Structure formats: C-alpha cells, structure tokens
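Participant: Right, I'll just put the structure down here and ask away after.
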Amino acid sequence: MLNVDLNARPTFTETVEVHLDTVQRFRATFELPEDVDLDALTQQYGQPDPAAPWSAPGDKALLRRVWIGWQDVQDKKNKQTIEFSEGARDYLLSVVTIRAAVAKAFFDGIAGARRKN
C-alpha cells in the first residue's frame, strides 16, 4: 500500500559520506521537488550531472532547493551541534568535496541506489 500526504512534498534522509582528511558522515534530509521545479531548473541550467556536481551551477541551485535539514553536523573547534540554516547550508555547498558528497547522496536516494559501505 502506498501512503501519501497530498498536502506535503515527500522527504527522505540519506547518509552523506564526505572524504576530507578523514571519512566523515552526517545525515541529510531532502525534499523531493515537483517536476515543474525540476523542469525550470533544467531549463535554466541544463541537466543536473551527478558525476560532476562541482562544475554545474544547476547542481548548486538544485541542492539549495532540495536540501532541507541535517543531523550530526558540528563545529570542529567547540564540538557544538550546528543547526540547519540556509546560511550554514550555503557554506557547506561552497566546499567542493561536501557539495559532491551531498549531490551523490541526493541522486542515490532518488534512484534508490545502494552504496558500498
């Protein structure tokens, strides 16, 4: 049985694996956009390219639209939890390796792909 809420967009949460000095993980929550939103982004920026999220402005625009929350993100110095905000999200999107990892998690999530552990 399919359970849906016709008054809300579906959301899903994926583990994001970021390769910096060590492998770090956090959970990102995404909202599935309406197809008209995706069509508008595609018309403006071209087709999103999950293989090269660092090179396409459309991928940043898409992630700004769909990335709506997170868990397990903290400040490196004081170990305090960083709450989700548009400003903090935009900062993380400016870091190429983080943006690539978030894009991979989003596209894997919507495709139902299984990643290797």
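The values are calculated or read from the model by the stated rules, or taken from the named source; none is laboratory data. What you see is a predicted model; the values in this text were computed from it and never measured. Please note: Cβ atoms are built from the backbone with ideal geometry, for glycine as well, and neighbour counts cover all protein chains shown. When the accessible area is computed, the model is the full protein with side chains, heavy atoms only, and any ligands, DNA or RNA have been set aside. Shrake-Rupley method; radii C 1.70, N 1.55, O 1.52, S 1.80 Å.
Participant: Averaged per residue, what accessible surface does the chain expose to a 1.4 Å probe, in Å²?
Facilitator: Solvent-accessible surface per residue comes out at 69 Å².
Participant: Divide by every residue of the chain the summed helix terms, -39500 (n - 2.57) for each DSSP H run of at least 4, and state the resulting mean residue ellipticity at 222 nm, rounded to the nearest 500 deg cm²/dmol.
Facilitator: For the chain, the value works out to -11500 deg cm²/dmol.
Participant: In what sequence, largest accessible area first, do PHE30, PHE12 appear using a 1.4 Å probe?
Facilitator: Descending accessible area places them as PHE12, PHE30.
Participant: Using a simple charge model, +1 on the beta-carbon of Lys and Arg, -1 on the beta-carbon of Asp and Glu, nothing else, what dipole does the chain show about its Cα centre, in debye to the nearest 20?
Facilitator: Once rounded to the nearest 20, the dipole reads 520 debye.
Participant: On to the next question. Counting only protein heavy atoms and a 1.4 Å probe, tell me what percentage of the chain's accessible area is made up of carbon and sulfur.
Facilitator: Of all accessible area on the chain, carbon and sulfur atoms account for 50 percent.
Participant: Please compute the length gained on full extension between GLN43 and GLN74, using 0.36 nm multiplied by the number of residues separating them and subtracting their Cα-Cα distance.
Facilitator: Gain in length upon complete extension: 7.6 nm.
Participant: What figure in square angstrom, to the nearest 10, would you give for the accessible area of LEU32 with a 1.4 Å probe?
Facilitator: 50
Participant: Next up: Using Cα extents along the principal axes in Å as the read-out, say which of (i) 40, 28, 25; (ii) 50, 29, 19; (iii) 41, 35, 31 was calculated from these coordinates.
Facilitator: Checking each listed value against the structure points to (iii).
Participant: For every other residue with a beta carbon closer than 13 angstrom to the beta carbon of ARG27, add +1 if it is Lys or Arg and -1 if Asp or Glu, then tell me the sum.
Facilitator: Summing Lys and Arg as +1 and Asp and Glu as -1 gives -2.
Participant: Hey, another quick one. What angle, in degrees between 0 and 90 and rounded to the nearest 10, separates the Cα long axis of helix 35-45 from the longest principal axis of the Cα atoms of the chain?
Facilitator: On a 0 to 90 degree scale, this one is about 70.
Participant: Follow-up. Determine the sum of side-chain charges near ASP90: Lys and Arg each +1, Asp and Glu each -1, restricted to other residues whose C-beta is under 15 angstrom from that of ASP90.
Facilitator: +2
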